[in-house]
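No value in this document is a laboratory result; all are computed from the given coordinates. The shown structure was predicted, so the numbers you read here are calculated from the model rather than taken from an experiment. Neighbour counts are summed over all protein chains in view; Cβ atoms, including those assigned to glycine, are modelled from backbone coordinates with ideal geometry.
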Amino acid sequence: MRKNVIRRRTVEPKSAADQEPETRDGGVQSVDRALSILATLAEDDEGYRLSDLAIRTGLSTSTVHRLLATLESRRFVQFDRTESKWHVGSRSFTVGASFARRRNFSTQAIPYLRKLRDLTRETANLAVVDDEFIIVLTRMESREIMRSLTQVGGRVAMVTSGVGKAVLATYSDEDVGAVIRHHGMPRLTEKSIVRPSDLFKELEKIRKQGFALDDEEACMGLRCIAAVIYNDCAEPLAAISVSGMTSRLTDERLPEIGQIVRDVAGELTFALGGVMPKSG
């Protein structure tokens, strides 16, 4: 006589990842925390001690240490035992570099950045907009002594940078207003533009002259002059700029430097197959 066989349904246990608490936006908490640690480490080349990193991220020391150990095993962070400080690791650079490679115009821009550097004797920068922030892709360092405000890979608010204002000048007033609502208008120095009405006046001036000026608005003692590079639809693709000390980028030199930056931006636009927008 055949016996009835009762087959039990096997329930797979949830993995650790499935059991992770979610963040408010539905993400995985440990991933969110690990990325917060990486972003904090990227802010300072000097690195952070464990206790300082915990304070900056708002996490417990034990949580930060656990996440750092995992990141270190994958070479996303590294530990300097001499100074007892944590730094961004080689794997983070490899992953981050793919962003610049995807923007395949970086290599083509190098000769134009070098030309801009040599003509102005100042540091030349190439930057793009990402999530309403400016990211520096690459630069040609000046042979003059200067402080560098933004490092390659660094992010700055659009309204506080010459490059950002150059790009904002191509936006409609409605789109500029959206950027202001999302990110505000931070006062970084006593010369920062913090009123929307003042920003709109500045953008109108930029549209007329063809280049933007950061006049010590992000860092006292530093000026930046920028112009937009356009794609084949006459839309902003990126921007280039020169940055230097106010003692060298004097009021007398600004019109000349602005013309040079605008001209080189136009040359690079055409080299990349882009189209300059029609005036008016």
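How far apart, in nm, are two points set 7 Å out from the Cα along the Cα-to-Cβ line at Asp175 and at Glu72?
Between Asp175 and Glu72, the simple spin-label model gives 4.6 nm.
Rounded to the nearest 0.05, what FRET efficiency do Val28 and Asp131 give with R0 = 22 Å and r taken as the Cβ-Cβ distance? Could you check?
On the way: r = 20 Å, r/R0 = 0.92.
The computed FRET efficiency comes out at 0.60.
Can you put Phe79, Phe211, Phe105 in order, fewest other beta carbons within 10 Å first? Kindly include the intermediate steps, with their values, before the conclusion.
Working: Phe79 16, Phe211 26, Phe105 19.
Ranking Phe79, Phe211, Phe105 by Cβ neighbours within 10 Å, fewest first, gives Phe79, Phe105, Phe211.
Using a 7 Å offset from the Cα along the Cα-to-Cβ direction at both Glu43 and Phe200, what is the distance between the two label points in nm, to one decimal?
3.3
Using the 10 angstrom Cβ neighbour count as an exposure proxy, how do Leu272, Leu126 rank, fewest first?
Going from sparsest to densest Cβ surroundings: Leu272, Leu126.
Go through 219-227, 44-52, 253-261, 158-166 and give me the packing order, highest mean Cβ count within 10 Å leading.
158-166, 219-227, 253-261, 44-52
Would you order Leu35, Leu68 from fewest to most other beta-carbon atoms within 10 Å of each residue's own beta-carbon?
Leu35, Leu68
Which semi-axis lengths, in whole Å and largest first, follow from the square roots of five times the eigenvalues of the Cα gyration tensor of segment 29-94?
The three semi-axes for segment 29-94 are 15, 14, 11 Å.
Can you give the alpha-carbon Rg of segment 145-280 over 2.2 N^0.38 Å, where N counts its residues?
Computed over Cα atoms of segment 145-280, the ratio equals 1.01.
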